[in-house]
Amino acid sequence: MKRQVLRKRLTHISFFLFPATFVYFSPYVIVDATLKGIVCGSFLLFITLFLASLFLGRAFCSWACPLGGAQEMLSPLKKKIARRGKIVKWFIWAPWILAIIILDIRHGGYQEINLIYRTTYGFSLGNIYTAIAYTAILALLLISFFAVGKRSFCRHFCWIAPFMILGSKLQSILKTPTLKLSKTENACINCHRCTTNCLMGLDVEEMVTKENMKNSECILCGNCADVCKKGCIKLTFKNK
């Protein structure tokens, strides 16, 4: 369980740093920068997360995401986990990416690099407009959490997750070594602990039974492996 303590501490730290890093995660800033032909910090971050997912899958979501940290801290306040609607975020992501591509083409491509664009000397909350946007994102997270369930923001609204999901799909084609869940040779006793403790509400027990541990909504927190009394699951780094 030491792994889970470390993971939670890292996400908590990430959330407390969110006022400083918010702009780098912003879906709006990259659109605004594209209009001016600027490669901004969020552009670099999204590309980096996509490339990192070739080797780490969606581990960022459970180990370093500030909004994941917020949901982790809220977790004791809600029992229900959001289990359906994973396609919803694609209806947000696809038009957003298409808009960025169209704007980039119409304005002649990127001509400048400014990684601290829309920040105040690199710090995000430097003006009232950014503060309002920051508050709106947190409000959306809270509403989805209490109205739908735990990790609803990750499952339904996150504009960052698709980058890593696509990266994981590409990893399956390239066969690069990657962080993943694996079924061990130990026999499952169907105690349901893995499914009950899955942060994303996945039926991990069924995944174990079918010996197919791949799921696009898995954020590789390793919680299922840590609560399994029989050691049927392990978080490992390999290419098979």
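Throughout, read-outs are computed from the coordinates displayed, never taken from laboratory work. On a predicted model such as this, the values are computed, not experimentally measured, just so you know. With ideal geometry, Cβ positions are generated from the backbone for all residues, glycine too; neighbour counts draw on all protein chains shown.
Using a Gaussian network model of the chain in which every pair of alpha carbons under 10 angstrom is joined by a spring, one finds that among Trp96, Trp63, Trp159 the greatest mean-square fluctuation is at Trp96.
What is the sum of charges around Thr184, taking Lys and Arg as +1, Asp and Glu as -1, for the other residues whose C-beta is under 12 Å from the C-beta of Thr184? Net charge around Thr184: +1. Note on Ile102/Trp159: beta-carbon distance plugged into 1/(1 + (r/R0)^6) with R0 of 22 Å gives a FRET efficiency of 0.85. Exposure proxy for Cys61, Cys218: other Cβ atoms within 10 Å of each Cβ, ordered fewest to most, give Cys218, Cys61. When Val208, Val23 are arranged by Cβ crowding within 10 Å, least crowded first, meaning fewest neighbours, the order is Val208, Val23.
Could you tell me which of the pairs Lys8/Lys214; Lys79/Lys214; Lys8/Lys36; Lys2/Lys86; Lys89/Lys230 are separated by over 28 angstrom between their Cα atoms in the structure shown? Flagged as over cut-off: Lys8/Lys36; Lys2/Lys86; Lys89/Lys230. Using a Gaussian network model of the chain in which every pair of alpha carbons under 10 angstrom is joined by a spring, one finds that among Ser172, Ser42, Ser62 the greatest mean-square fluctuation is at Ser172. Given springs between every Cα pair under 10 Å in a Gaussian network model of the chain, which of Cys188, Cys65, Cys221 has the largest fluctuation? Judging by the Gaussian network model, the answer is Cys188.
Neighbour counting of Cβ atoms within 10 Å sorts the residues Met164, Met1, Met213, fewest neighbours leading, into Met1, Met213, Met164.
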